[in-house]
Amino acid sequence: MLSAALPSNETQRQQALERQELVDTPADPYLDTLTRITRDLFDVKIVLISLIDKDRQWFKSRQGLAVAETPRSLSFCAHAIAQDDLLVVEDNLEDPRFCDNPLVLEPPHVRFYAGVPLHDAAGMALGTLCLIDTVPRRLDAQQLARLRDMAYLIEGYLKLLDSSKQTQQLRDALSQEQRKGMLDALTQLWNRTGLRHFLPLEQAAAERNGLHLGLIYCDLDHFKQVNDKYGHAGGDHVLWESARRMSTAVRPQDVVTRTGGEEFVILAQVHDEQELLQIAERIRLAIASQPMQLEQAEVQQTVSLGCTLLTSGENAMDALKRADQALYRAKHSGRNRSELAPGAH
């Protein structure tokens, strides 16, 4: 196996990646939409937005792959960022650079690879948009043009994201190491530690904005049956897909977290209880509206939700308990529904 040589501008490239503050951040619904469209467009098993860090490649968006990162030494994308144009390997078993790569010989059995470098505004290669399949493939001229077009859309969005207020606030608040400890590797949402970090910040922001902080406690219905019937790989995919749908259903400023197992908590600054319930219903419908596709089956998943408003000066943990009690009522009232717990008085 031939590991990729470091680019001649590696120091500057790594600094550019670190300035972007993209690595170890939550999944982005817009990027997930683009990678999902790309997978459908090219009919491949896996599509990734891969960012090449010091010793790993980390996936900002992924379709068809469960892991969040792999070693840089095994990375196809580490080869691709050294090129001016895309890298296409029609059959990795016939390429001396990759024929004995563990990612080729073992799961996910990468036989075909095509990657387009993604650059920042200064032209530094941060990573790639890549297509992966388990059988040899060949792209014609039209397909190559479409792949470049999709990379152009993603690259443009990353540049906009770099200049956004939300990204600047994240840079000011958390280091990469702190973010890494707050991110759930499976769903790419903030974890329980992240929830504890953002709760007081969102509570203070809501008060500054003259709003209320709403808490939505979500629990996937009958999730144990999914694991029992389809195994943990199937269950993991349902959790991942549920996280994607929740993130798409809420607003960009809302904070979506996975607190453990099949439980999620969303923080949303709202005007009143009715607005909070509307967000909860969008989440519920996003989960239940269409089946989730597994390798060999479809899963019709639903979710139960408990909502409440955090009152001024209230301990956030007390409000979370109240939302959990509302969730309990939703479960016992038939599931696949949202229940509201009135705020503390």
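None of the figures in this text is laboratory data; all of them are computed from the coordinates on show. What you see is a predicted model, and the numbers here were worked out from it, not measured in a lab. Neighbour counts are summed over all protein chains in view; Cβ atoms, including those assigned to glycine, are modelled from backbone coordinates with ideal geometry.
Conditions (1) under 16 Å from Gly313 (Cα atoms); (2) among the hydrophobic types (A, V, I, L, M, F, W, C); (3) more than 17 Å from the chain's Cα centre (by Cα); (4) assigned to a loop (DSSP other than H, G, I, E, B), marked per residue:
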{"position": "Leu186", "(1), (2), (3), (4)": "no, yes, no, yes"}
{"position": "Pro200", "(1), (2), (3), (4)": "yes, no, yes, no"}
{"position": "Ala204", "(1), (2), (3), (4)": "yes, yes, yes, no"}
{"position": "Glu207", "(1), (2), (3), (4)": "yes, no, yes, no"}
{"position": "Leu213", "(1), (2), (3), (4)": "yes, yes, yes, no"}
{"position": "Ile216", "(1), (2), (3), (4)": "no, yes, yes, no"}
_Condition check: buried (at least 16 other Cβ atoms within 10 Å of the Cβ) and within 15 Å of Leu267 (Cβ to Cβ). Does Ala286 satisfy that?_
no
_One residue from Gln83, Gln142, Gln63 being within 26 Å of the chain's Cα centre (by Cα) and either under 30 Å from Arg245 (Cβ atoms) or free of Cβ contacts under 8 Å to residues at least 60 places away in the same chain (or both)_ = Gln63
*Which ones in segment 254-285 are within 20 Å of the chain's Cα centre (by Cα) and acidic (Asp, Glu)?*
Asp254, Glu262, Glu263
*asked:* Looking at the structure I just gave you, is Val238 surrounded by 22 or more Cβ atoms within 10 Å (Cβ to Cβ) and either in contact with a Pro (Cβ under 7 Å, 6 or more places away or on another chain) or in contact (Cβ under 8 Å) with a residue 12 or more places away in the chain (or both)?
replied: no
